[in-house]
Amino acid sequence: IDRLRETWRVLGEEDPLWAILSSPDKRGGRWALDEFFAAGESEIAAIDGYCTALGRPTSRNRAVDFGCGVGRLSRALSTRYANVIGVDIASSMIARARELNADRANIRFVENGEADLRFIEDRSVHLVYSAIPLHHIPAVLQRAYIAEFMRVLSPEGVGVFQIASGFSNDLTGW
């Protein structure tokens, strides 16, 4: 965890938007904030569509954005949920998230360097969302966090997360 925290702290200080959405043409501080946040809105709108089709969550009181970075997805979630908790391991990312989302009173950003989410009550979250962050961490921590997602998730809620499911040596498409 300490190595992950340090890596993401540095990335958050050097080029936080690019570290989150690593488009080659955006490296070196070339993300426009409106474009960056619009990408988050588009991603959450798509997830919201899937949730609506499922008829879940049945309540929209609390969402968790795990690996929130600077709050790109937390911001989009804040228009759909009464309360949003953005969680990240890097102090630099959390500081920038608070700065960029100061206009959103319903988002709380939490720096978390533990392998659990003990600051969130059992069965209190209606959406847990984590796209991409889990594949940056070792499998043992992935499993710990997924167990925590299930602990905090309301029975009427939805958990959406992405992990790498395998590795291929076939690089012909690159």
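The values are calculated or read from the model by the stated rules, or taken from the named source; none is laboratory data. The structure presented is a predicted model; accordingly, all values stated were derived computationally and were not measured. Cβ: placed from backbone, ideal geometry, glycine included. Neighbour counts: every protein chain shown. To get the accessible areas, we keep the full protein, side chains included, count just its heavy atoms, and leave off ligands, DNA and RNA. Shrake-Rupley method; radii C 1.70, N 1.55, O 1.52, S 1.80 Å.
Some points to look at:
- From 107, 120, residue being in contact (Cβ under 8 Å) with a residue 24 or more places away in the chain, more than 21 Å from residue 19 (Cα to Cα) and either in contact with a Gly (Cβ under 8 Å, 6 or more places away or on another chain) or among the aromatic types (Phe, Trp, Tyr) (or both): 107
- A search for C-beta distances below 7 Å between a residue of the range 1-16 that is part of a helix (DSSP H, G or I) and any residue that is modelled with pLDDT of 85 or more and surrounded by fewer than 16 Cβ atoms within 10 Å (Cβ to Cβ), counting only pairs 6+ apart in sequence or on different chains, returns 5/113; 9/91.
- Of the candidates 51, 68, the single residue that is within 28 Å of residue 155 (Cβ to Cβ), open to solvent by less than 30 Å² (accessible area, probe 1.4 Å), of a type in the set (A, V, I, L, M, F, W, C) and not in a helix (DSSP H, G or I) is 68.
- Residue in the range 149-159 that is within 17 Å of residue 75 (Cα to Cα), β-branched (Val, Ile, Thr), at pLDDT 95 or above and under 16 Å from the mean Cα position of the chain (by Cα) present: no
- Within the range 38-65, residues that are among the polar types (S, T, N, Q) have Cβ atoms under 6 Å from residues that are part of a loop (DSSP other than H, G, I, E, B) and surrounded by fewer than 16 Cβ atoms within 10 Å (Cβ to Cβ) in these pairs: 61/82, counting only partners at least 6 apart in sequence or on another chain.
- Verdict on residue 84 being among the hydrophobic types (A, V, I, L, M, F, W, C), open to solvent by less than 10 Å² (accessible area, probe 1.4 Å), assigned to a loop (DSSP other than H, G, I, E, B) and modelled with pLDDT of 95 or more: no
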